[in-house]
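Enquirer: Mind having a look at this structure? Questions to follow.
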Amino acid sequence: MLKVEHLKKIYPKSDRVAVDDISFELRPGEIFGFLGQNGAGKSTTIKCLTGILPFDSGTIEICGYDIVKEPIKAKMNMGYVPDNHSVYEKLTGREYVNFVADLYKVPTELRRKRIKEFAEKFKLEAAMDRQIAGYSHGMKQKICIMAALIHEPKLWVLDEPMMGLDPQSTAEIIAHMREHCAKGNTVFFSSHNLDLVKKLCHRVAIVNNGHLVDLFDLAGNEANKANLEEKFFRITGTYERRLFEDYAAQESEDMRPDLPAHDDDASLNGDKPAEE
Amino acid sequence: MKGEISFARVKTLFRLDLKSRFGTTHKRGVKYRISQGMNALFFLAIYAVLILGMYFLTNIFVERSKMTLEFLTLISLATIVLASAIATGNIVKNLYQNGDNEMLLRFPVSGKEILLAKSIYCLLHNLVVCVLLMLPFYVTFGAVTKAPVGDYFSYIGVIILSSIVTFAIGNILAVPAVKLINIFKNKFVVVLVLTIILVCGIFVAYLLTLSQILTYLRDSKQDIFSPEMVEKYRAFFGGAYPFKWYAELVSGRRLGTLNAGGLALRFLYIFLMTAALSVAAYFITSRAYYRTILYGVASGKSTVSRKAKDKQMSVTRALLTKEFYLILRSFNYSFEYLAMACAAPIMVFFCNRLAATMGTDTVGGAIMPGITIMVIIIFITVTVSFASTCISREGNCFYMTKVMPVSFRSQVLAKFLLYSVVATISVVLTCLVTGIVYTSDAGEKALSAVDMAAIWGISEILVISLTSLSMAVDIKWPTFNVSGDGELVSANKNVAIMLVVGFFFAIAFGAVVMVTNFLPLKIGDWMVSSRGNLGNIYLMLTLVSLLLLAGSLSALFVNLDKRYNKIMW
């Protein structure tokens, strides 16, 4: 579905190699998590494989099409949701989704069905004919997702999709990722949310300083699931025993401090606090 | 909204506001300082031209027509009306369209404190505007009439009083203005039509005034106003209250129309009027502002609503429609491009008329073809320079152009098609208007059909050339510097580059046609051009234009995919 081989990217006027010799392959029907600290090279890799950034060496194939040699065919099989939810805000939601559908040559009947279905699912029916400029953060993210999926791509790429979203929107997106994969498509997404990745992804890759350091199965591998956080902390060079223990404790236990004892219980029960 | 006002918080809000407008005081580079210096010089140059114009205007009214008090009344009327309009716009922008509800939600401040901080800014802004607007008039007036030093203090006093009254008027007018804006906000076509009418109106009024001033300059012995007109002016300005009070306050005593008591009475009238307007402004603003700020908290932004059909379009049509909507639905873009393109025929006609009148009076009718081609190319350049932000305007959505399954060439071609078609329609209309007038008796047959056909042909080639060159420049140096609403913060350097290139061709082509129509050009035995026979010159200019066309099309389309792919976002 997606094959990345020896990908290398150096930004102009920079000595630092942003992505260095990264290779991996995605299978049909899997959800693949892409982890790394800020600046590790996740977004650069995603931008290279979506065609946003040119790269210095290596190859990227989407559904067998090389992104450099056959970019149109490769892009036809892909849907992309950026991390900043940027869309043409002067258009209405419906105009924007139709514009993207036109680019992917989605026939009228099919797009009608999908737009209706997505609008219902994401609860955007009332907003579809309003200008995107008036949408909330979550609504913009949803319209981006609608546009990315309007042609039902075989590969769905999302860059930090849950950032800043409310729990309902997050749940809707997760549900849709699972649904998309169930149809034999592939989802590739970057995230900082280790817990979500652990529960959702079949496989995960961890990048650090532009290198792909580890790639392992999560589905059916309880040991990898259990050790994901520790692996991440060790690979990214941020492992400190005390810090990690704190993190693990936060994940597994209630960490809220005890409230100081006062008379709130009495007032909640309808009793007035004693006057001084 | 009730509660005590903390002046410390008001001060903090005011400082925060200033910081967000004028940036921090960090040290800037040499490049920044040079550009700031150039901006200041440009501003001063414009200001100097304005003062020169004011000087002649003062001379016309005061020295030649002896209408001193009428002139002062006119100054008061014009500057107070203008300052009130500016104040209204500023208050609308700062109080009612600034998203202050977010400030209210985010910081531990009250609505009263935000209103006070904003009002202080608007008042100071208005004072600066009034000083910049009124001082040159009064100083010029003082210089022309050789006023004593004391009068200059009265000018300052009147300016301060005017700034308060215009601020109060601005506050009162801002409420209906906001309501009007909300009615028309999403009616893009209506706004565009109104903008075109306004642009043409202002431009034509400006040129007609300039024409009168130039006539006066040309023949300073000629009386600019007939005795009947002088009487009409006197009658009108004699009853133009309250503006006459300001005029009398400035120099009523010197002109002998007022005694000390009369002067005090005029001051009292102005004071009472200012106080009444200020009280009204306070009540109106405090009510309307709190309602706006709370409405903003409750309902957020209001935007356009339009039911589109879920129907498949071709890729090219989809790209064209998207580009057109993005321009039409942005006030700035539709003004910069569509309004300019639509207004160009009228602007070119009046500009040409003025230049032709002045030119033919001084050097004869032979100047007309040269002036026409120059003016048309100047307006083409202004319209087409919009294409030099074609990539930059994508802003945060630039990634879309890289991700979509459409070749970069097709995307660029769609934009190129839109810009070329709009500019072509504008040029055809411009040439038609100019041609119909100047090839007929009404235009004294100043241009022949051959002249017009050649001018149209050359202009059309330049439309395509400058459009492709503009786009090539923006592909080379795009700047994705967009504001919150996704629009470019300001015109980038590419626009400036294209204006320089376009103006160069306008001046060069205009000069060649003008000179060769005066001085016959002969190479050996070959008579290249003579008066009224510019066929060969037009042919040469067409060839030069075709060379430019070939160069600019190559600059845009050769290796386009490679260059587009290199654009970093």
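Enquirer: Can you go through B:400, B:498, B:471, B:452 and tell me which one is farther than 22 Å from residue B:337 by Cα, crowded, with 18+ Cβ neighbours inside 10 Å, more than 14 Å from every other protein chain (Cβ to nearest Cβ) and in contact with a helix residue (DSSP H, G or I) (Cβ under 8 Å, 6 or more places away or on another chain)?
Expert: Numbers: B:400 fails: more than 14 Å from every other protein chain (Cβ to nearest Cβ); B:498 fails: farther than 22 Å from residue B:337 by Cα; B:471 fails: farther than 22 Å from residue B:337 by Cα.
Criteria check complete, one pass: B:452.
Enquirer: Looking at A:92, A:186, A:170, A:108 in this structure, which one is closer than 30 Å to residue A:39 by Cα, modelled with pLDDT of 90 or more and of a type in the set (S, T, N, Q)?
Expert: Selected residue: A:186, the only one of A:92, A:186, A:170, A:108 that is closer than 30 Å to residue A:39 by Cα, modelled with pLDDT of 90 or more and of a type in the set (S, T, N, Q).
Enquirer: Hey, any hits in segment B:130-145 for a residue that's modelled with pLDDT of 90 or more, surrounded by fewer than 22 Cβ atoms within 10 Å (Cβ to Cβ) and assigned to a helix (DSSP H, G or I)?
Expert: Yes, segment B:130-145 contains a residue that is modelled with pLDDT of 90 or more, surrounded by fewer than 22 Cβ atoms within 10 Å (Cβ to Cβ) and assigned to a helix (DSSP H, G or I).
Enquirer: Okay, next question. Checking the structure you have, find out if any residue of segment B:332-349 is aliphatic (A, V, I, L, M) and touching a Gly at 6+ places or on another chain (Cβ under 7 Å).
Expert: No, segment B:332-349 contains no residue that is aliphatic (A, V, I, L, M) and touching a Gly at 6+ places or on another chain (Cβ under 7 Å).
Enquirer: Identify, from the list B:508, B:446, B:442, the residue that is at pLDDT below 90, closer than 17 Å to residue B:538 by Cβ and more than 22 Å from the chain's Cα centre (by Cα).
Expert: Result: B:446 is the single residue among B:508, B:446, B:442 that is at pLDDT below 90, closer than 17 Å to residue B:538 by Cβ and more than 22 Å from the chain's Cα centre (by Cα).
Enquirer: Then there is this: Give the residue that is farthest from the other protein chains (Cβ to nearest Cβ), with candidates limited to residues of segment B:552-569 that are assigned to a helix (DSSP H, G or I) and under 32 Å from the mean Cα position of the chain (by Cα).
Expert: Step by step, filter segment B:552-569, then rank; the result is B:552.
Enquirer: For residue A:94, all conditions in the list (1) more than 7 Å from chain B (Cβ to nearest Cβ); (2) at negative phi hold save one; what is the number of the exception?
Expert: Of everything listed in (1) more than 7 Å from chain B (Cβ to nearest Cβ); (2) at negative phi, residue A:94 misses just condition (1).
Enquirer: Looking at B:473, B:422, B:427, B:406, which one is in contact (Cβ under 8 Å) with a residue 12 or more places away in the chain and not in a helix (DSSP H, G or I)?
Expert: One residue alone meets the criteria, B:406.
Enquirer: I'd like the full set of residues that are in contact (Cβ under 8 Å) with a residue 40 or more places away in the chain, closer than 30 Å to residue B:478 by Cβ and among the aliphatic types (A, V, I, L, M), limited to segment B:507-566.
Expert: Once the filter is applied, which keeps residues that are in contact (Cβ under 8 Å) with a residue 40 or more places away in the chain, closer than 30 Å to residue B:478 by Cβ and among the aliphatic types (A, V, I, L, M), segment B:507-566 yields B:507, B:546, B:548, B:549, B:553, B:555, B:556, B:560.
Enquirer: Are any residues in segment A:83-99 touching a strand residue (DSSP E or B) at 6+ places or on another chain (Cβ under 8 Å) and either over 16 Å from residue B:402 (Cα atoms) or free of Cβ contacts under 8 Å to residues at least 24 places away in the same chain (or both), and if so, which ones?
Expert: A:89, A:90, A:91, A:92, A:93
Enquirer: If we only count strands (runs of 3 or more DSSP E) wholly inside segment A:1-83, which ones have 1 or more residues that are of a type outside the set (A, V, I, L, M), within 14 Å of another protein chain (Cβ to nearest Cβ) and crowded, with 18+ Cβ neighbours inside 10 Å? Steps first, please.
Expert: Details: elements: A:2-10, A:17-26, A:31-36, A:57-62, A:78-81.
Answer list for segment A:1-83: A:2-10, A:78-81.
Enquirer: In this structure, is residue A:137 surrounded by fewer than 18 Cβ atoms within 10 Å (Cβ to Cβ) and either within 11 Å of another protein chain (Cβ to nearest Cβ) or out of contact with any helix residue (DSSP H, G or I) (no Cβ under 7 Å at 6 or more places or on another chain) (or both)?
Expert: Details: surrounded by fewer than 18 Cβ atoms within 10 Å (Cβ to Cβ): yes; either within 11 Å of another protein chain (Cβ to nearest Cβ) or out of contact with any helix residue (DSSP H, G or I) (no Cβ under 7 Å at 6 or more places or on another chain) (or both): yes.
Criteria met by residue A:137.
Enquirer: Of the numbered conditions (1) part of a helix (DSSP H, G or I); (2) at pLDDT 90 or above; (3) touching a Pro at 6+ places or on another chain (Cβ under 9 Å), residue B:312 satisfies every one except a single condition; which is it?
Expert: Unmet for residue B:312, out of (1) part of a helix (DSSP H, G or I); (2) at pLDDT 90 or above; (3) touching a Pro at 6+ places or on another chain (Cβ under 9 Å): (1).
Enquirer: Need a quick list: strands (runs of 3 or more DSSP E) entirely within segment A:169-219 having at least 1 residues that are under 28 Å from residue A:16 (Cβ atoms) and free of Cβ contacts under 8 Å to residues at least 60 places away in the same chain.
Expert: The qualifying strands (runs of 3 or more DSSP E) are A:211-217.
Enquirer: How many residues does segment B:317-350 contain that are more than 14 Å from chain A (Cβ to nearest Cβ) and of a type in the set (Gly, Ala, Ser)?
Expert: Number of matching residues: 4.
Enquirer: Report the residue count in segment A:100-134 for those that are free of Cβ contacts under 8 Å to residues at least 12 places away in the same chain, facing chain B (nearest Cβ under 9 Å), of a type outside the set (A, V, I, L, M) and touching a helix residue (DSSP H, G or I) at 6+ places or on another chain (Cβ under 7 Å).
Expert: Summing the residues that are free of Cβ contacts under 8 Å to residues at least 12 places away in the same chain, facing chain B (nearest Cβ under 9 Å), of a type outside the set (A, V, I, L, M) and touching a helix residue (DSSP H, G or I) at 6+ places or on another chain (Cβ under 7 Å) in segment A:100-134 gives 1.
Enquirer: Determine, yes or no, whether residue A:89 is buried (at least 18 other Cβ atoms within 10 Å of the Cβ), farther than 29 Å from residue B:313 by Cβ and either at the interface with chain B (Cβ under 10 Å from one of its Cβ atoms) or among the charged types (D, E, K, R) (or both).
Expert: The answer is no for residue A:89.
Enquirer: Here's a follow-up. Could you identify the single residue in A:165, A:194 that is closer than 20 Å to residue A:220 by Cα and not acidic (Asp, Glu)?
Expert: A:194
Enquirer: Further question: Working only within segment A:89-110, note down all residues that are in contact with an Asp or Glu (Cβ under 8 Å, 6 or more places away or on another chain) and assigned to a loop (DSSP other than H, G, I, E, B).
Expert: A:89, the sole residue that qualifies.
The values are calculated or read from the model by the stated rules, or taken from the named source; none is laboratory data. In this text, all values refer to a predicted model and were calculated from it rather than measured experimentally. Note that each Cβ is placed from the backbone with ideal geometry, even for glycine, and that neighbours are counted across all protein chains shown.
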